Amino acid sequence: MKFLDIGEVAARSGMKPSALRYYEEEGLISSVSRHGLRRQFPPEVLLQLKLIAMGRSAGFSLDQIAGMFGRNGMPELSRDVFREKADEVDRQIHELTALRETLRHIANCRAPSHMECPSFRRLLDEAGQSVGKRTNAAKLK
């Protein structure tokens, strides 16, 4: 098996060597040896790094991402965890869409005062309800 040194892993993954060293310190990836001072990684590290990048982009914590790997370092993905995260992303999309519409309305509204505009008041009420639901959900966790 041909191992990849840290420079090659950095080049192929697009991650800085410092990030690779950090992920190794956190136990997310493992080097298998050294060639001089350069860490050597198995080729599977590229798959692991893709999963780490996807997890980070989806908002998973490093601890949650670490839980996605089995003892052998290969992915062991819980479908329930990913369903929950997808539901959370759906909620964020809904909230961001409402926020975008409110901002667009504020920018384009022809009313003399936004507080006189029924559409603005309705959008503001909807935004307030989303914030209230999110705040209450956070308290329950």
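The numbers here are math on the coordinates, done by the rules we state, and not lab data. Bear in mind the structure is a predicted one, so any value in this text is a computation, not a measurement. Using ideal geometry, Cβ is built from the backbone for each residue, glycine included, and neighbour counts are taken over all protein chains shown.
Starting from the Cα-Cα distance between Lys16 and Leu99, subtract it from 0.36 nm times their residue separation and give me the gain in nm to one decimal.
Full extension from Lys16 to Leu99 adds 26.4 nm.
Mind checking which aspartates and glutamates have their Cα closer than 15 Å to the Cα of Lys16? Skip sequence neighbours fewer than 8 apart in that chain.
Within reach: Asp5, Glu8, Glu24, Glu25.
Quick check on packing: order 1-10, 75-84 by the mean number of other C-beta atoms within 10 Å, highest mean leading.
Packing order, densest peptide first, comes out as 1-10, 75-84.
Using the number of other C-beta atoms within 10 angstrom as an exposure proxy, rank Ser119, Ser31 with the fewest first.
Ser119, Ser31
Say each of Leu37 and Arg79 gets a label point 7 Å from the Cα, pointing the same way as Cα to Cβ; how far apart are those two points in nm?
So the label points at Leu37 and Arg79 sit 4.9 nm apart.
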